[in-house]
Amino acid sequence: MFGAGFMKERREQARRARAVRRPASTNVDPPHGTGGADSENEERRLDLISGLTNLGYRLDQARRAAEVCDHMPGASLEELIRAALARCGPVRGVRRIDYTTSPPIPAG
């Protein structure tokens, strides 16, 4: 439908738009040994959001749950997901089975 030249131009426009929106301070990598914790925390935050969306949560729900975990900088990804799930509750549309009230299995 669209030619290769058209798509190349669209990508260039998008790159230029991102460069304009991005603050000048983010164009330069931080000196070695500084700022690494922020990028590491941001990467873990994105991993957390990705994990929650893969579990069926909407993006806005996952982002709100990730905000709860911002105060846990040293936590593992598993701990972050557990804390986020405790905040979110079940995914809408998931049916819970109450095993305590199910009928006993007949002996056979």
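Values quoted throughout were computed directly from the atomic coordinates according to the rules given, and no laboratory measurement underlies them. A quick note: this is a predicted structure, and the numbers were derived from the prediction, not measured. Reconstructed Cβ throughout: ideal geometry from the backbone, glycine too, with neighbour counts over all protein chains shown.
For region 42-89, what is Rg from Cα atoms divided by 2.2 N^0.38 Å, rounded to two decimals?
This ratio for region 42-89 stands at 0.95.
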Computed lengthening from E9 to H71, 0.36 nm per intervening residue step minus Cα-Cα distance: 18.1 nm
Mean Cβ neighbour count within 10 Å, used as a protection proxy, ranking 71-81, 53-63 highest first: 53-63, 71-81
